[in-house]
Amino acid sequence: MLYGALLVAGMAVATVGHAQTVLDGAYIKEHTKTQRVVPYPYIREADVMWERRVWREIDLREKINLPLYYPTEPINDRKSLFDVIKQGILDDGSITAYDPGPIGTDDEFTKVLQPTEVKEMLTRSDTTWTDNIYTGEQEQVITNTEVKSADIRKYRLKEDWVFDRQRSVMDIRIIGLCPLKENIGSDGEFRGYTPMFWLYFPELRYVLVNWDVFNRENDAERRSFDHIFWTRQFNSTITKVSNVYDRNISMYKSGIDALLEGEEIKEALFNFEHDLWNF
């Protein structure tokens, strides 16, 4: 009996030791995890010949944007963009979240949200009353619902388009990123989107640079989230451009007209950059 117990214990230790040495892949992936952020080129105010502030929305349901949405549950080598952000805020403390205001229009990073406030925001408590099958009396039931990655269907971007005459380039700098949560009513109907919090993108880059994004063509050539945003490998819709009224496109146009207005602004930005060069 003693010999059998020792044999079983030895097999358990060997099994644990063997599991610790298993490599789920042909090689150890270290490139992305050890990457460092490439700093933005310095821009002098005197060299800024032209500037325009633009707001966009990234719809994660579009095919090109799916790498930012999936996987909805973390796996061994990848996480969705929202799971990376949530870990940076709640676990690592490396990302600062900013309050979007009572109606979700404050995008100027004025009020810092503490990690505890963000955690409360991501966990919703619903109170219902139900009949106790034993006593027949009404009992209060509290259900906690956590905001998951699958609930974040859009992101809002705030960026500056700057023409630097010193380098003769149109530089696009993302200033802020805001996750938008999809709201579904108790009847199952869509109720719009709620801004969760704003993130200062130059700070967020230090987290995004160390996380892989799925590459449809080659698993050995995966880019980081920071690379995806730097190289503009996403599709988006312009929802606002700096104007005297400080109003969104949706305030004066709706439906397909609002989309066409955003496309016209996008085309105007492209033509402005193109027309700066004469051959």
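Below, the figures for the structure above:
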quantity	calculated
Checking Thr135 against (1) assigned to a loop (DSSP other than H, G, I, E, B); (2) over 23 Å from Ile75 (Cβ atoms); (3) open to solvent by less than 60 Å² (accessible area, probe 1.4 Å), the condition it does not meet	(3)
In the stretch 162-182, residue farthest from Arg53 (Cα to Cα) [restricted to those that are in contact with a Phe, Trp or Tyr (Cβ under 7 Å, 6 or more places away or on another chain) and open to solvent by 20 Å² or more (accessible area, probe 1.4 Å)]	Glu182
Odd one out for Thr128 among (1) free of Cβ contacts under 8 Å to residues at least 24 places away in the same chain; (2) in a helix (DSSP H, G or I)	(2)
Residue count, the stretch 54-93 (criterion: charged (D, E, K, R) and without any contact (Cβ under 8 Å) to a residue 12 or more places away in the chain)	2
Unmet requirement for Val141, which otherwise passes all of (1) more than 24 Å from the chain's Cα centre (by Cα); (2) surrounded by 14 or more Cβ atoms within 10 Å (Cβ to Cβ)	(2)
Failed item, numbered, when Trp198 is tested on (1) in contact with a Cys (Cβ under 7 Å, 6 or more places away or on another chain); (2) farther than 30 Å from Glu120 by Cβ	(2)
Meets criteria (modelled with pLDDT of 90 or more, within 21 Å of Gly93 (Cα to Cα), in a loop (DSSP other than H, G, I, E, B) and open to solvent by 70 Å² or more (accessible area, probe 1.4 Å)) for Thr116	no
Scope the stretch 70-93; condition assigned to a loop (DSSP other than H, G, I, E, B), open to solvent by 50 Å² or more (accessible area, probe 1.4 Å) and either modelled with pLDDT of 95 or more or not acidic (Asp, Glu) (or both); matching residues	Tyr70, Pro74, Ile75, Asn76, Gly93
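The values are calculated or read from the model by the stated rules, or taken from the named source; none is laboratory data. Computed from a predicted model, the values in this text were never measured in an experiment. Every residue, glycine among them, receives a Cβ derived from its backbone with ideal geometry; neighbour counts consider all protein chains shown. Remember, those area values only see protein heavy atoms, side chains included, never the ligands or the DNA or RNA. Shrake-Rupley method; radii C 1.70, N 1.55, O 1.52, S 1.80 Å.
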